[in-house]
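The values are calculated or read from the model by the stated rules, or taken from the named source; none is laboratory data. Because the structure is predicted, anything quoted here is derived from the model rather than measured. Glycine gets a Cβ as well: all are built from the backbone with ideal geometry, and neighbour counts include every protein chain shown.
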Amino acid sequence: MRAISFSGSSVITTNDVSEALTQLARGLAMAGVTDVLRIPICDGRGGETTAELVVGPGVGMMSVPFAWIEAEPDFSTASTMLRMHAQYPFSSQPQSAVFEDESAPAPTCLEWWDW
């Protein structure tokens with residue numbers, strides 16, 4: 001579990017949601033876009049609720065480990081939805097590449113980058 005600190009407050013969510021949110025925040029900042037994101041959180045009384053966050057360039061956010069003794073909630077649908085956001089940063093490098101000249105060295109990751 002992770003504590004997300006945002007605008008002077010903290011919320012508790014799963015590692016998966018935290019990772020997806022952090023990457024999406026990076027993607028929004030790189031694109032210069034601000035959006036309102038809804039994430040599932042634990043309410044501190046054993047229940048679940050949601051938090052709405054305004055995320056974009058210049059908005060600071062921090063994720064730190066949080067000691068959690070209860071069963072971890074299943075927020076996998078929410079993390080998948082964050083990863084489906086149009087600004088989620090996916091690698092521009094193809095997953096696999098076929099080179100015509102197998103004796104030639106493979107290109108470096110910088111050669112794949114879309115400058």
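Remarks
- Pairs are defined by a Cβ separation below 6 Å, a sequence spacing of at least 6 or placement on different chains, a first member in the range 26-55 that is within 28 Å of Phe90 (Cβ to Cβ), and a second member that is part of a loop (DSSP other than H, G, I, E, B) and at pLDDT 95 or above; the pairs so defined are Pro40/Phe75.
- The range 35-61, subset surrounded by 14 or more Cβ atoms within 10 Å (Cβ to Cβ) and either in contact with a Gly (Cβ under 7 Å, 6 or more places away or on another chain) or farther than 19 Å from Met81 by Cα (or both), residue modelled with the highest pLDDT: Asp35
- In the range 1-47, the qualifying residues are those that are among the acidic types (Asp, Glu) and within 15 Å of the chain's Cα centre (by Cα), and the one that is nearest to Val64 (Cα to Cα) is Glu19.
- Residue match in the range 72-80 (condition: at pLDDT 95 or above and among the aliphatic types (A, V, I, L, M)): yes
- Residue in the range 8-24 that is surrounded by fewer than 18 Cβ atoms within 10 Å (Cβ to Cβ), on the phi > 0 side of the Ramachandran plot and either touching a residue at least 12 places away in the same chain (Cβ under 8 Å) or of a type in the set (Ser, Thr, Tyr) (or both) present: no
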